[in-house]
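Report on the following structure.
FYI, it's all coordinate maths here, none of it is from the lab. What you see is a predicted model, and the numbers here were worked out from it, not measured in a lab. Glycine gets a Cβ as well: all are built from the backbone with ideal geometry, and neighbour counts include every protein chain shown.
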Amino acid sequence: MKVHVNAKLCQGHNRCLMFDTDVFEVDELSYAHVRGDGSVPPGEEESVRLAVVNCPEQAITVSDE
């Protein structure tokens, strides 16, 4: 599973950080992005899915890879 944050849609609410700080981080302007290459570590899938459904801008997407 891979996760992606669309930088054009992210408004910096950072709800994703409430669900998974191992996968998501924020920059100096508080906009979220994915750590590393976006690969979701084993056991983190459910928290990433929760981040997806809780993003107000729908800026987070996942794909099966």
- List the trypsin sites (Lys or Arg not before Pro) within the stretch 1-46 that fall in a DSSP loop (any state other than H, G, I, E or B) and whose Cβ has at most 12 other Cβ atoms within 10 Å. Lys8
- Note on the structure: Which of [x] 26, 10, 8; [y] 21, 14, 12; [z] 17, 12, 11 gives semi-axes √(5λ) of the Cα gyration tensor in Å as computed here? It is [z]
- Principal-axis tilt of helix 45-54 within the chain, Cα atoms, nearest 10 degrees: 30
- Dividing the helical contributions, -39500 (n - 2.57) per DSSP H run of n ≥ 4, by the residues of the chain yields a 222 nm value, nearest 500 deg cm²/dmol, of -6000 deg cm²/dmol
